[in-house]
Amino acid sequence: MKRTTALLLALALLVAHVLTLQQDAAGHLAQVGERGHAVLRLARQIVHEGTLAWNAGGPVVDAYPSWAWLATAATAERFYWPTPWILQATGGFAALMLVFVLARFSPARMTGVIAPLLLVVSGPLAAAALSGVEWTTFALAACVGFLAHEGQRPRWCAGAMAAAVLIRPEGMGLALLLAAFEWRSAVRRGPRVGWLPFAAPLVAVVLTTLIRRAVTGVWLSPLAADALHYDPARIRVGLSYLRSFLLHSGAPLTAVFASLALILMRGKPRRATRAAILGWAWCLWIAWNGGDDEPFWLALAPALPALFLSVQGVITRAVDSDSRLLHASGWGLFVLGGLAGILASKLPGNIGPIPLEAAQHAWMGQGQTTVAPGLDVGLARLGKHADLARVERLRTIGIFLRDELPANATVLTPWPGAIGYLSRRRVFDLANRVVPPPGTRRTHSWLGPPQGDILAALEREPEYVIPSTQLDEPLRSLEQVAELWLDQFDSEPRTPEREAAVAEAFQAYELVGVPIAVDSRQPHLTAPDPVSILRLRRLGLTPELEIEHDDTTFAIRVRHRGHRQIADLEVLLVDREGREWTLHPTGEFRVSSPARARVRLLIYRSGRRPVELISGVLPEGGEIRAALRLPH
């Protein structure tokens, strides 16, 4: 009864944990993440356009690694169900079932709840549950496959391995690792499930490969193709990503101590050893592929069940020993792991009289990591909190593009998911994850830093570029944009020649401020600060100012035939002596006193007649100059 009660409490705690991490700044349940929005866009293309192409009329490519996840989203879209909620519900249910399965296959004793409870307090699993991607469902399939193999249940093992292959290409790696376990067991003690169950994942691999070849023209998935390419820089990024996971995610650090204990232990618990091998194999795979740019280490969530099973096996062996020190150390490791997991999922702050806020900020690195340029994601709860804000900002940008741009407008961005789904425009991905580079049919993997060849991307001449989410610091110049992209998103080596070429390529654009909604749920309410985007100069959409004046009065009007934008108006009077007078918002001209005559002006389509921006009296005769500037 005690064990059953603990399991029920664990499931309730997981629900609370998941809902807490998925809460946005307004207290609402947040939308799916950036990658989940990419799934929504592809599902809409499949159902309404009848194609796997990211853009209508574009090449059919393997733009997302999970065919099963795309099928789930497309089914919901076909029957007009709320697709984002279906994806979140599926991921959340998989997380609950994962905890249940771990408890079901664990020993019927108190130590049998160690793995489920550690999983419940682990932020990566809770953050992945409602993110809109397939990590929890793949983790469930992998866990069921491993435990079914351990429990000598061949049918369950075959079904789980086949499901894992359909959910992620790495499912074949799971099958190969279980086959190695089966071979070792057959040599030493006799077979566990036999070799027949391994036919199921093999058939799934063959079918998906043949379908991929027939539909997209390539044999290998983008994930496999990128993994076969040895890239030391990518591996260094991945190892830094893994290091930050172990040091800052809380409970997974217990797996390090458990694995060290397994190495030193005599008469190792075989199940715990195999679980550790499986968990660390996944961690090394993600490191080989350069980590992931989603917050809270979502890509490492599938490793958690296996790692915590190894922790459970080691603690069980310690508790069963005659040594009081080992007994206390085992339970102490469990308690410390649980507390660390809870603190990693908590926003920095004191707990009553316990001063924890400063320590949490130091532990989480003020919400930033420095694993590599282009993989600058926040740590733990702070990173998740920042990512929810980023996705919401991208959603509002997508709504602006949908409402203001022509249907055939082209947009380049490092974040194609939310912008592509909400805008419904032709969106190109800087990292070539959903649209291949010109002249090829192969996209790149979603793992690793989201980097690409900036010059090659700009050679497409996209009409608009979304350079940054600008949650912290707005962009003021094209030089800032070039520096930001070279620092974070360029896949080519940085040289002075490269810097000059990128800066020159950006000169084909103008930086303009545009109004966005304060919230995607309230698109009619405008945010107080505009967002800067790049617009191709040759579109001819720059507002045209008309200045009319004599020696005593002046009037400034604007003609505009493009989308809405926000700008400040700067007016100068150069008198006959060459002095510069600046017009202030009060209507006064002052010498050598820089100011903006009007701030945050909404420039909209003027139609046939120009719109008057300002008029007034001149202090002296001279030449009037006026310009629209980016808002301060």
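The values are calculated or read from the model by the stated rules, or taken from the named source; none is laboratory data. What you see is a predicted model, and the numbers here were worked out from it, not measured in a lab. When we count neighbours, we look across all protein chains shown, and the Cβ atoms used for this are built from the backbone with ideal geometry, even at glycine. Just the protein is used for accessible areas: all its heavy atoms, side chains included, with ligands, DNA and RNA removed. Shrake-Rupley method; radii C 1.70, N 1.55, O 1.52, S 1.80 Å.
Would you mind working out the accessible area per residue for the stretch 544-629, using a 1.4 Å probe, and quoting it in Å²?
With the other protein chains kept in place, the stretch 544-629 gives 57 Å² per residue.
Among 528-541, 89-102, what's the highest-first ranking by average C-beta atoms within 10 angstrom per residue?
Packing proxy ranking, top to bottom: 89-102, 528-541.
Rounded, prolate or oblate: pick one for the stretch 380-536, where a ≥ b ≥ c are the square roots of the eigenvalues of its C-alpha gyration tensor, a/c under 1.5 means rounded, and failing that, prolate if a/b is larger than b/c, else oblate.
rounded
Helix 83-104 versus the longest principal axis of the chain: what is the Cα-based angle in degrees, 0 to 90, to the nearest 10?
Orientation of helix 83-104: about 30 degrees from the principal axis.
Can you give the percent of C-alpha pairs in the chain whose distance is more than 35 Å?
Percent of Cα pairs beyond 35 Å in the chain: 47.
Give the carbon-plus-sulfur fraction of the accessible surface of the chain in %, rounded to a whole number; probe 1.4 Å, heavy atoms of protein chains only.
Here it works out to 60 percent.
Please report the relative contact order for the chain, taking Cα pairs under 8 Å with a sequence separation of at least 6, and give it as a percent rounded to a whole number.
Relative CO of the chain lands at 12 percent.
About its Cα centre, what dipole magnitude does the stretch 380-536 give when the only charges are +1 on Lys and Arg Cβ and -1 on Asp and Glu Cβ, stated in debye to the nearest 20?
Around 860 debye, computed over the stretch 380-536.
Might you report the magnitude of the Cβ-based charge dipole of the stretch 1-101 about its Cα centre, with Lys and Arg at +1 and Asp and Glu at -1, to the nearest 20 debye?
Once rounded to the nearest 20, the dipole reads 340 debye.
Helix-derived [θ] at 222 nm for the chain: sum -39500 (n - 2.57) over DSSP H runs of at least 4, divide by residue count, nearest 500?
It lands at -15500 deg cm²/dmol.
Using a probe radius of 1.4 Å on heavy atoms only, what accessible surface per residue do you get for the stretch 380-536? Whole Å² is fine.
Result: 38 Å² of accessible area for each residue.
Please tell me the relative contact order of the stretch 420-578 in percent, rounded to the nearest whole number, where contacts are Cα pairs under 8 Å and at least six residues apart.
Rounded, it is 17 percent for the stretch 420-578.
Quick check on the stretch 408-491: what does the Kirkwood estimate of hydrodynamic radius come out to from the alpha carbon pairs, in Å?
Result for the stretch 408-491 stands at 13.3 Å.
Return, for the Cα atoms of the stretch 76-207, the radius of gyration and Dmax in Å, separated by a comma.
Using the Cα atoms of the stretch 76-207, the pair Rg, Dmax is 16.1, 54 Å.
Quick check: convex hull of the Cα atoms in the stretch 544-629, volume per residue, rounded to a whole Å³?
Taking only Cα atoms, the stretch 544-629 has a hull volume of 80 Å³ per residue.
On a 0 to 90 degree scale, rounded to 10, what angle separates helix 67-78 from the longest Cα axis of the chain?
So the inclination is approximately 60 degrees.
Measuring with a 1.4 Å probe in the full set of protein chains, what accessible area per residue, in whole Å², belongs to the stretch 125-272?
The answer is 45 Å² per residue.
What does the highest-first list of 427-434, 117-124, 51-58, 440-447 look like by mean Cβ count within 10 Å?
Highest mean packing first, the order is 117-124, 427-434, 440-447, 51-58.
Using +1 at the C-beta of Lys and Arg and -1 at the C-beta of Asp and Glu, which of 160, 172, 91 has the Cα lying farthest in the positive direction of the dipole of the stretch 91-178?
160
Using Cα pairs closer than 8 Å and at least 6 residues apart in sequence, work out the relative contact order for the stretch 263-336, in percent.
Relative contact order here is 32 percent.
What are the ³J(HN,Hα) couplings of the stretch 616-632, residue after residue, when phi is run through the Karplus curve with 6.51, -1.76, 1.60 and θ = phi - 60°? Round to Hz, x for glycine and proline.
With coefficients 6.51, -1.76 and 1.60, one gets x, 10, 8, x, 8, x, x, 9, 9, 10, 9, 8, 9, 10, 4, x, 5 Hz.
Of the options 146, 513, 127, report the single residue whose Cα projects farthest towards the positive end of the charge dipole of the chain (beta-carbon charges: Lys, Arg +1; Asp, Glu -1).
Going by the Cα projections, it comes out as 146.
Dividing the Cα radius of gyration by the Kirkwood radius, what Rg/Rh value follows for the stretch 1-120?
Using Cα coordinates only, the ratio equals 1.11.
Which ³J(HN,Hα) values in Hz, rounded to whole numbers, follow from the phi angles of the stretch 530-545 under the Karplus curve 6.51 cos²θ - 1.76 cosθ + 1.60, where θ = phi - 60° and Gly and Pro get x?
x, 10, 8, 10, 9, 10, 5, 5, 5, 5, x, 9, 5, x, 9, 8
In the chain, which longest range has no GluC sites (Glu not before Pro) that are both DSSP loop (not H, G, I, E or B) and surrounded by at most 15 other Cβ atoms within 10 Å?
Longest run free of exposed loop sites: 1-458.
Which whole-Hz couplings ³J(HN,Hα) result when phi for each residue of the stretch 13-20 is put into the Karplus expression 6.51 cos²θ - 1.76 cosθ + 1.60, θ = phi - 60°, listed in order with x for Gly and Pro?
For the stretch 13-20, the Karplus-derived couplings read 5, 5, 4, 5, 4, 4, 5, 5 Hz, x marking Gly and Pro.
Looking at 552, 522, 469, which one has the Cα that reaches farthest to the positive end of the dipole of the stretch 447-592 (charges on Cβ: Lys, Arg +1; Asp, Glu -1)?
After comparing all options, I get 522.
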